[in-house]
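Only the coordinates and a few stated rules stand behind these numbers; no lab work does. All values reported here derive from a predicted model rather than from experimental measurement. Please note: Cβ atoms are built from the backbone with ideal geometry, for glycine as well, and neighbour counts cover all protein chains shown.
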Amino acid sequence: MITNTVKNELSRIVGDENASFSREELVCYSYDATNKLSLPDAVVFPSTPEEISLILKMANSEGFPVIPRGAGTGFSGGSVPVEGGVVVSFERMKKIIEIDTENLIAVVEPGVVTWDLQQEVEKLGLFYPPDPSSLKFSTIGGNIAECAGGPRAVKYGVTKDYVLGLEAVLPTGEIINTGVRTAKGVVGYDLTKLLVGSEGTLAIVTKAVLKLLPLPEATKTMLAAFPKMGDAARAVSAIIRVKVVPATLEIMDRVSIRCVEEYSKAGLPDVEAMLLIEVDGPKEGLERDCRTVEAICKEHGATEFRAAEGKDEVKKLWQARRSISPSLYRIKPNKINEDIVVPRSKIPELVEGLGRISAERGVLIASFGHAGDGNIHVNVMYDKKSVKEAQDAEAAVVDVFKLTLELRGTISGEHGVGIAKQKYLEMELTPAVIATMKSIKAALDPKGILNPGKIFPKAVEAADAEHKVPL
Ligand SMILES: Cc1cc2nc3c(=O)[nH]c(=O)nc-3n(C[C@H](O)[C@H](O)[C@H](O)COP(=O)(O)OP(=O)(O)OC[C@H]3O[C@@H](n4cnc5c(N)ncnc54)[C@H](O)[C@@H]3O)c2cc1C
C-alpha cells in the first residue's frame, strides 16, 4: 500500500485531475488480455518524461512498484500490477510529434495507437509495417515493450526492426536517449535493442524514433482453402521455398474458421484449413507472384483459390482474421493462448504434432496465425470450472512447448513472458542466460521497483494478497 504522503505527492507531480485512487478506476487498470487481475494502489496520467522521472525517484525512496501500461491488450500479463503500486498510463502522451518525409522517420509519444500512426503516415505515402492484430487499440509503447509482430512480419519484420532510437526514463529516474535518427549508428552498446522487448521492466519509454518505408504501390489479397491442415502447412513451406516473399501468409484451422465465420459472416470456406495470403510491391510482378502462389497452393491440394475483390472484401477478410482470438471464447470460456514459433520448414511437423497432442490429451486446440514466419497461435480451450479440463489444458501446453523446442523453435514469438510464461522460462533458457538477464535488471533497477514480478519466476502467487481482485 502506498501512503497518503505518496498519494499527495503523486497528485502534486501530475496534477490532481491526473491521479486516481478510486477503486472503480483502479479496477480498469488491473488487468490485460490474459484476464489476470490485480489492483494497483494508484493510476497516474503523466504528460512529460520529467513527471515520470519524479515518480520513479519517489518509488525508489519510498519503495513502491511502478507499472507502465499501454492499452492493456497484452497476452502475457505485462501490465498487470501483481504487487500493487502505481500504474503509469500514457493516455495523455499520444502525440505524433513529427513525420519526416525526407528521412523516412516518425517521432511519437508512447501512447499513440498503432493504427493511428499507420493511417497518418499512409496519407503521406509512407508505411509503418508492424501490425499486431490488436493494432486498433494497442499503443506504440506497448508494441515496443513486447516487440510486437503481426501478419506482415513475414516480409517486413517486427517492431524492433523499426525502432531507431528511444527517449526513456530509467528505473532510477534518469532520462536517457538511445540510438539514432540516422539509417545506421554503432556508438556504444545498442541500448535501443536492449529496451525493445524488455516488457516494461528496464525503462519507461517516453518517445520513439521509428523507421518508415515507402508505401507499397499495390497489394493483392488471396484466400486458399484446403481439405487437409497438413497440406496447407506444406503449401506454406513451399511458398517460402520458391522465394516469393508474401507480405502476409496466415493460416487458420477448422476450429478457428468455423468459430470466426459464425460471428463475422465473412464468407470463409467450410474446410479444414485456410491460408490468407497477401503480396505487395510494384504493380508489375504482382500478377506473377499471385500466379506462383496459386500454382503452389493447387499443387498442395487447395480446392479453392481466389483473389479478394475490392477493398470491402479485403477489409472483411482481415476483420475476420483479427477476430479469431476473441471469437474462440464462443467455444469454451477459457483458453491458454500460446504464440510459439518454429523454423518455417518445420510447420508441417508442428501441425501434425499439435493434432497428436490434442488427441492424446483430449483437449480442443485451435491454431491460427502467422504461418509465414513460423509463428502459430496455439489456443488450448477449456473450462476452468472443470479441474480435469484445466489440468489437461496445462499438460497440453507443456507438450506443445516440448515439441516446439524439439523442432528448434521458441516458446514466444511476440507476446513475451510477463507472468504467463515465467514458469516455462527454464525450458528454453539456460541458468547462465537467466542469470545474465537478471544481472542486467539489477544493474538498471537495483531496488526492483519497475514492473516487479515479471519475466523471472517469482510468480504471481508471491503477489501481495491484498491486491488480488476476486475473479
Ligand atoms: C485480440 C488480440 C490480438 C493480438 N495480436 C497480436 C499480434 O498479432 N502480435 C503481437 O505481437 N501481439 C498481439 N497481441 C498482444 C498485444 O496486443 C501486444 O503485446 C501489444 O504490443 C500490447 O500493447 P499495449 O499497448 O496494449 O500494451 P500493454 O498490454 O498495456 O502492455 C504490454 C507491456 O508493455 C509495457 N509497456 C507499455 N507501455 C510502455 C512504455 N511506454 N514503456 C515501457 N513499457 C511499456 C507494459 O508494462 C507491459 O509489460 C494481441 C492482443 C489481442 C488482445
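Once the chain from ARG23 to ALA442 is taken as fully extended at 0.36 nm per residue, the excess over their C-alpha distance is 147.6 nm. Straight distance only, please: which aspartates and glutamates reach the Cα of LYS136 with their own Cα at less than 14 Å, same-chain residues fewer than 8 apart left out? By straight Cα distance, LYS136 reaches ASP116, GLU120. The stretch between THR182 and ILE434, if pulled fully straight at 0.36 nm per residue, gains 87.4 nm over its current Cα-Cα span. Among the listed pairs LYS95/LYS220; LYS335/LYS402; LYS243/LYS283, those with a Cα-Cα distance over 23 Å are LYS95/LYS220.
Here is the list for segment 234-327: GluC sites (Glu not before Pro) lying in DSSP coil, each with at most 12 other C-beta atoms within 10 angstrom of its C-beta, are GLU284, GLU309. Among the listed pairs LYS160/LYS346; LYS94/LYS316; LYS346/LYS423; LYS265/LYS315; LYS207/LYS421, those whose Cα-Cα separation exceeds 19 Å are LYS160/LYS346; LYS94/LYS316; LYS346/LYS423; LYS207/LYS421. Each Lys and Arg contributes +1 and each Asp and Glu -1, all at the Cβ; summed about the Cα centre of segment 128-175, the dipole is approximately 280 debye. As an equivalent ellipsoid, the chain spans semi-axes of 37, 27, 20 angstrom, where each value is the square root of five times an eigenvalue of the C-alpha gyration tensor, largest first. ILE277 sits among other residues whose Cβ lies under 10 Å from its own Cβ, and their net charge, with Lys and Arg +1 and Asp and Glu -1, is -3. Model label sites at VAL242 and THR101, defined 7 Å from Cα along the beta-carbon direction, differ in position by 3.8 nm. Scaling the Cα radius of gyration of segment 13-132 by the globular reference 2.2 N^0.38 Å produces a ratio of 1.20.
Averaged over every viewing direction, what's the projected area of the C-alpha convex hull for segment 319-426? Give it in nm², one decimal, please.
6.8
Within the shell of other residues whose beta carbon sits under 14 angstrom from the beta carbon of ALA148, the net charge comes to -4, with Lys and Arg scored +1 and Asp and Glu -1.
Using the Cβ-Cβ distance between GLU9 and LEU194 with R0 set to 35 Å, the FRET efficiency works out to roughly 0.70. Taking label points 7 Å from Cα along the Cα-to-Cβ direction, PHE456 and SER345 give a separation of 3.8 nm. Taking 7 Å steps out from each Cα toward its Cβ at GLU352 and LEU215 produces label points 4.5 nm apart.
Radius of gyration (Cα atoms) of segment 218-325, expressed as a multiple of 2.2 N^0.38 Å: 1.00. Helical runs assigned H by DSSP (4 residues or longer) give the chain a calculated mean residue ellipticity at 222 nm of -10500 deg cm²/dmol, each run adding -39500 (n - 2.57) before division by the residue total.
Against the chain, whose longest principal axis is taken from its Cα atoms, helix 387-406 shows a tilt of about 80°.
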